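To start, the structure under review is shown below, and the notes come after it.
Every number in this text was worked out from the coordinates using simple rules, so none of it is lab data. Please read all numbers here as calculations on a predicted model, not as lab measurements. Cβ placement follows ideal geometry from the backbone for every residue including glycine, while neighbour counts extend to all protein chains displayed.
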Amino acid sequence: MDFRKINNLSVECVIFGLDTDNLSVLLKKRTLNLFDDNYPVIDDWILPGQNVFKSNNLAQSADNILKTITSKQFGNKKQFRTYGSHKRVQTDKDLLWIRSKGGETRNLTVIYYLTLPLENIIIEKNSDFKWFAINTLPEIGFDHQNIINDAYDDLKTKIMTEPIMFDLVPTKFTLNELQSAFEILLNIELDNRNFRKKAISKPYIVPLEDKRKVGISKKPSKLYMFSKDVFDKLTEKDNIISSILVLVIKMMVV
């Protein structure tokens, strides 16, 4: 394997994780202190990324990034967009960071994003990585804030036509968990009864014999799974989101 890096080509990953309260993004700590007043102190956050090795393709580079974070493997990463503007590096901190790494000031970056339940990647206390809620992000280097915003907008668009939402909930999920996921991502409130009725009617949302107890006093909740095989075989892709949008429109009218 050729471990030489292509200095002006990198891959970065936007990793979205969903829990019961927020959609979060996984960021990596960026620190540099040269103890010289002529140089700024760098102490902020960036997206996980790396330059592409000459013997790797882009997808392999994305996999290498994920391996630095977790031993788990994910097959649902999506190549999103390429960023290559000459205006990407604008601050002294970014310029210093690039020079300290021997990189190029004009860099092409290919973005992948990944969607999963936040609990699927457990971050150790002293790790360089940390989850941040999408609406309370810290200071972020380079143009990574814009990249996150673009990927988030794309995610909200994709869930209208693709079953991406099922990547954000556990493999075995309750209908309340699925409803909560839609409400968090779209910043809406759904009628519980109508949502359950619409969800249960979809053949690709498969009821299981299993149940899970949620909370102390509540009865065990029935579990469901998403069947991609059934979804792919549907002649008309009437994704659940189309039904939900009807509910939202009705609620807005009322």
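Which of 21, 128, 37 ends up with the largest GNM mean-square fluctuation for the chain, with Cα atoms connected below 10 Å? Comparing 21, 128, 37 in the GNM, the peak value goes to 37. Its relative contact order, with pairs defined as Cα atoms under 8 Å and 6+ residues apart, puts the chain at 21 percent.
Axis of helix 58-67 versus longest Cα principal axis of the chain: the two differ by about 80°, to the nearest ten degrees.
Exposure proxy for 200, 15, 46: other Cβ atoms within 10 Å of each Cβ, ordered fewest to most, give 200, 46, 15. Applying the Kirkwood pairwise sum to the alpha-carbon positions of the chain produces a hydrodynamic radius of 20.3 angstrom. For the range 1-71, applying the loop criterion from DSSP together with a ceiling of 13 other beta carbons within 10 Å to the chymotrypsin sites (Phe, Trp or Tyr not before Pro) yields 3, 35. Helical content alone sets the calculated 222 nm signal of the chain at -9000 deg cm²/dmol, taking -39,500 (n - 2.57) per DSSP H segment of four or more residues and averaging over every residue. Protection proxy ranking for 24-32, 72-80, using the average of other Cβ atoms within 10 Å per residue and placing the highest first: 24-32, 72-80. Amide H contacts of residue 134: 23, 24, 25, each under 5 Å away and 5 or more positions distant or on a separate chain (H built 1.01 Å from N in the peptide plane; Pro and chain starts excluded). Name the lysines eligible as straight-distance cross-link partners of residue 5: C-alpha to C-alpha under 21 Å, and not fewer than 8 places from it in the same chain. The qualifying lysines are 28, 54, 67, 101. Within the straight-line cut-off of under 18 Å between alpha carbons, the lysines reachable from residue 158 are 77, 78, 228, 237, sequence neighbours fewer than 8 places apart in one chain being disregarded. For residue 130, the aspartates and glutamates whose Cα comes closer than 18 Å to its Cα, not counting residues fewer than 8 places off in the same chain, are 12, 19, 21, 43, 44, 119, 139.
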